[in-house]
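All remarks here apply to the structure that follows.
Nothing in this text is a laboratory measurement; each read-out follows from the coordinates by a stated rule. Since the structure is predicted, the reported quantities are computational estimates derived from the model, not experimental observations. Positions of Cβ are backbone-derived with ideal geometry, glycine not excepted, and every protein chain shown enters the neighbour counts.
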Protein chains: 2
Amino acid sequence: MSPHHSLPAPWNTIAHRLRAQGLRWTPQRRTVIEVLAETDGHVMAAELVERCRARDPRTIPSTVYRTLDVLESLGLIRHGHRADGREEFHVLPTGEHGHLHCRSCGATWELGPERAAAMARALRRGDGFEVDIGHVTLVGRCAACASAR
Amino acid sequence: MSPHHSLPAPWNTIAHRLRAQGLRWTPQRRTVIEVLAETDGHVMAAELVERCRARDPRTIPSTVYRTLDVLESLGLIRHGHRADGREEFHVLPTGEHGHLHCRSCGATWELGPERAAAMARALRRGDGFEVDIGHVTLVGRCAACASAR
DNA sequence: TCAGTTATTGCAAGGAGTTGCAATAACGCG
DNA sequence: CGCGTTATTGCAACTCCTTGCAATAACTGA
């Protein structure tokens with residue numbers, strides 16, 4: 001087995017990509033990336049910090065946040081905000097999808113690419129605004145809660 | 001002149017509305033409402049706290065935030081989140097309007113009721129989700145910045 | 001008007017992020 | 001391999017907001 005368990009998929013190229021930009025590959029960044037590689041696509045920032053701390057107790061929050069900024073600038077993750085304003089990261093942005101949150105029952109679920117696209121079209125029509133649908137969680141009421149009033 | 005300079009428009013009825021619900025009319029709440037009555041419709045939470053403090057240096061932030069919660073439950077204001085996640089309040093929600101923020105040029109502007117409605121329709125179609133468009137600031141790129149790439 | 005009830009307040013502590021700065025440690029080059 | 005350059009780190013302080021709790025003070029009813 002390799003001396004440093006290597007990372008899966010696109011994560012294993014990050015060291016090179018960083019260095020290619022004059023940036024550095026550090027143990028702290030490796031920790032963050034190892035944690036990201038294990039997620040299913042969504043992580044709340046604070047939760048990610050916690051998982052890094054579990055892996056390495058010396059983890060410093062500000063370092064994690066700064067690493068996340070760098071990874072976002074590389075296009076590997078994308079940050080957004082949940083209904084309560086807290087930060088959330090979408091790992092490896094695949095299809096553009098959004099999030100819907102019902103203020104009545106508290107549920108949060110995904111807005112599929114097709115409907116997200118329809119919404120983006122509705123916004124574009126008018127002044128040409130190109131929405132980044134993944135950035136926010138839309139708040140409202142789900143069908144069940146809306147009709148229950 | 002009246003002993004207690006009375007508040008304009010709908011604000012002057014709040015004391016009664018509060019008491020009608022078993023809630024109380026306090027000097028601290030009066031301060032918050034005086035400040036709200038002077039806004040143009042938008043205030044960032046922290047900024048509002050600051051203005052209350054200017055009016056009464058004894059102002060305590062947590063009291064202001066709690067008062068805002070109460071006022072929101074009365075339907076007088078509505079909270080939302082800006083592109084950076086910070087809290088913003090819409091005073092006296094009139095027409096349903098949203099906010100758009102361009103991540104390139106940093107501008108933020110309003111999404112008029114018509115287009116907001118079009119977007120809400122696009123979301124409703126599908127699973128019946130009723131979006132509260134005023135709650136979030138949609139992030140993306142304005143026409144100018146989008147075409148500049 | 002006074003007293004009892006209990007909604008609110010003030011305070012302190014805590015969570016989530018951000019930022020400035022000096023010390024540290026990756027990198028790239030000789 | 002060792003050095004100098006400078007990107008990063010660790011730390012401390014700070015912003016914005018939330019929460020628990022005991023003390024305070026509005027309201028209500030007599």
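Numbers below:
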| item | result |
| --- | --- |
| Structure-based [θ]222 nm, chain B - -39500 (n - 2.57) summed over DSSP H runs of at least 4, per residue, nearest 500 | -12500 deg cm²/dmol |
| Average beta carbon contacts from partner chains per residue of B:83-92, 10 Å cutoff | 2 |
| Distances in nm from B:ALA46 to the matching label points in the other copies, shortest first (labels 7 Å along Cα to Cβ) | 1.7 |
| Neighbouring partner chain Cβ atoms per residue of B:114-125, average, 10 Å criterion | 5 |
| Chain A, Cα convex hull volume normalised per residue, Å³ | 154 Å³ |
| Convex hull (Cα only) mean projected area of the protein assembly as shown, reported in nm² to one decimal | 20.9 nm² |
| Nm distances between copies for B:PRO27, ranked from closest, using label points 7 Å along Cα→Cβ | 5.8 |
| Exam field: B:ASN12 pseudo-label spacings to other copies (7 Å along Cα-Cβ), nanometres | 7.5 |
| C-alpha long axis of helix A:45-55 to longest principal axis of chain A, angle in ° | 30 degrees |
| Centre separation in Å (Cα based) which lies between the stretch A:111-149 and the stretch B:79-149 | 10 Å |
| Paired Rg and Dmax values of the stretch B:9-84, which use every Cα atom, in angstrom | 12.1, 37 |
